[in-house]
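The values are calculated or read from the model by the stated rules, or taken from the named source; none is laboratory data. Everything numeric here is computed off the predicted structure, so don't read it as measured data. Virtual Cβ from ideal backbone geometry, glycine too; neighbours counted across all protein chains shown. Side chains included, ligands, DNA and RNA excluded: accessible areas come from the protein's heavy atoms. Shrake-Rupley method; radii C 1.70, N 1.55, O 1.52, S 1.80 Å.
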Amino acid sequence: MRNHSLVAHDLRPQVAPPTFGVEEEFFVVDPRTRRILSRAPELLARTRMDDRLCGEFSRAQVEANSPVCGGAEDARRFLREARRELARAAEVAGLAVVASGTPVLGDPSSAVISDGARYAEIAAHFGALRESHIVCGCHVHVGISDRENAVLTVGHLRRWLPFLVAMSANSPFHNGRDTGHASWRTITWSRLPSAGPPPRMRSLDDHERAVRALAASGAILDRHMVYWDVRLSEHLPTLEIRVGDVAATAEEALLFAVLTRGLVSRVLSDVDRGVPVPEVPDTALRAAMWRAARDGLEGVVPDPLTGETLPAAVAMDRLLATALPGLSANGDADLAADLLDRLRRRGSGAARQRAAHARRGRLTDVVDHLVDHTLQGL
C-alpha cells in the first residue's frame, strides 16, 4: 500500500535516523525427516561468518546477529547474506535451516540444551517451561542512548504490539499439529513469567522497581532474562523489540525492521514533545495480543487503546500511518509501503504455511516450503 496523502509531521530533520540491528533465530532440521535436530554446532562449525552466526538456547537453533545498520540497505544485505551462509553451511553438514517461529515437526522437549552454565541453570530452574525457549523470533534493536526516554518509548509502543504480532505471524504448526493460532510462538513464549507485554511504566524508577520485583520472585535469574516484548537492552544503548516471529523471508524481516524503526522514530518525537504515554489497560492488551496471535494477518486485530476490533487490513493501514512520519524521516516510507503491500497480497507467513499443508495434507511439505522460502523473497 503506497499512500502519499499522508504527511509526516516535523521530526526535527537535523536529528539523524536512529541506528538499528536485527537478530534472527532459525531451526536446524533433518532434510530427510524434516524434524528439528540438535546439531547446530556441526552447522556453525562450517560457517564463514563466525562473528555474526551463533548458537541459541538449544542445539536445535541458530541465530544471526547483524552489525549496527545505518539504513535499510545495510540490513537487507546482511539478512540475505546470513540466510545464504546458513543454508550453505547446513547443506554441507547434511542439514537444513527453516525460518518458523515454532518447530513444525519434532518435539521441542527432546532438543538438547546448548553448553554453558547459564543455560543449564535456566533449564533446571524452570523445568518443563524450558520448552518455551525453543522458539524462533525476530528481534530489532533501535539505538536510544537515554534510558529514561527509552522507558517512555516502551509505554507508547505497548499499544502497537498486537499489530506487530499480526503482521509477523509465522508459526501455526507445532510438533506435528495445527495449533489453531497464526503465531503459536507468541503463546508459547508468553508462558514464561518475565515474558509478554511490558507493564505500564512512567519512569526509569518504575522500570527498575519492576525488574527488582521479577528478581525477588525468582521469575528471572539475572537482568538479561527480562523477556518483555519491548525491553531496554542491558548491554547495548538500544531498545529491543522482541514481539515478532522469525520472518519466513528476508524481505519480511526487513519490513519488520524498518517499520519498527519508523515507529520508534515517531514515538521518540512524541516523547520529545511531551505527548503523554497512552493509558492502555493491561487486560485489554493481553486480550488483544492473544487475538492477534490467533488470527494473524488474515483475521482481526483489537486496538487495546480504543477497544475497536479492526479487520487486519485496516489495522495495518493504521500501523503504517502511525509509523509514516518516522519512516519518512528515515527514508523508508516507500520501501515499507511496498513490502507491506506485497505481504498482504501474498498472505502472512502463517497463511502460506497452511496453504503448503493444504495442497497434499503433508507437514513435510510445510517444512520444504520453509526451507525454500528462507532463501526466497516475497
_I'd like to compare 151-158, 226-233: which one has the highest average count of other Cβ atoms within 10 Å, and what's the full order after that?_
151-158, 226-233
*Kindly state, as a whole number, the per residue volume in cubic angstrom of the convex hull around the alpha carbon atoms of region 27-123.*
107 Å³
*Normalising by the residue count of region 160-241, find the relative contact order in percent from Cα pairs under 8 Å and 6+ residues apart.*
21 percent
*State in Å² the accessible area per residue of region 87-231; use a 1.4 Å probe, count heavy atoms of protein chains only, and round to the nearest integer.*
34 Å²
*Hey, what's region 234-378 come to in accessible area per residue, 1.4 Å probe, Å²?*
37 Å²
*Separation of region 281-353 and region 170-192 by C-alpha centroid, Å?*
19 Å
*Within the accessible area of the chain (1.4 Å probe), percent carbon and sulfur*: 50 percent
_Peptides 197-206, 89-98 ordered by average Cβ neighbours within 10 Å, highest first_ = 89-98, 197-206
*Would you mind calculating the gained length between residue 73 and residue 30 on full extension (0.36 nm times residue separation, minus the Cα-Cα distance), in nm to one decimal?*
12.2 nm
*Calculate for the chain the 222 nm mean residue ellipticity that helices alone would give, adding -39,500 (n - 2.57) per DSSP H run of length 4 or more and normalising by residue count, nearest 500 deg cm²/dmol.*
-14000 deg cm²/dmol
_region 277-375 - Rg and Dmax from Cα coordinates, angstrom_ = 16.4, 49
_Dipole moment magnitude, nearest 20 debye, the chain about Cα centre, only Lys, Arg, Asp, Glu C-beta charged_ = 840 debye
*What ranking do 326-337, 350-361 get when scored by the average of other Cβ atoms within 10 Å per residue, highest first?*
326-337, 350-361
*Electrostatic dipole magnitude of region 238-293 [Cβ: Lys, Arg +1; Asp, Glu -1; Cα centre; debye, to 20]*: 80 debye
*State, as an integer percentage, the relative contact order of the chain based on alpha-carbon contacts under 8 Å between residues 6 or more apart.*
23 percent
_Please give the charge dipole size of region 229-363, origin at the Cα centre, charges +1 on K and R Cβ atoms and -1 on D and E Cβ atoms. Round to the nearest 20 debye._
820 debye
*Given 5 Å bins starting at zero, what is the percent of C-alpha pairs of region 98-154 in each, up to the one with the largest pair distance?*
4, 14, 18, 15, 12, 13, 15, 7, 1
*Candidates 88, 52, 345, ranked by Gaussian network fluctuation over the chain, Cα under 10 Å, top entry*: 345
*For region 193-345, which semi-axes, largest first and in whole Å, follow from the square roots of 5 times the eigenvalues of its Cα gyration tensor?*
27, 18, 17
*Anyone know which of 60, 120, 247 comes out most mobile in the 10 Å Cα GNM of the chain?*
120
*Compute the relative contact order of region 231-365 as a whole-number percentage, counting only Cα pairs closer than 8 Å that sit 6 or more residues apart in sequence.*
27 percent
_Rg and Dmax [Cα atoms of the chain; Å; Rg one decimal, Dmax integer]_ = 19.4, 57
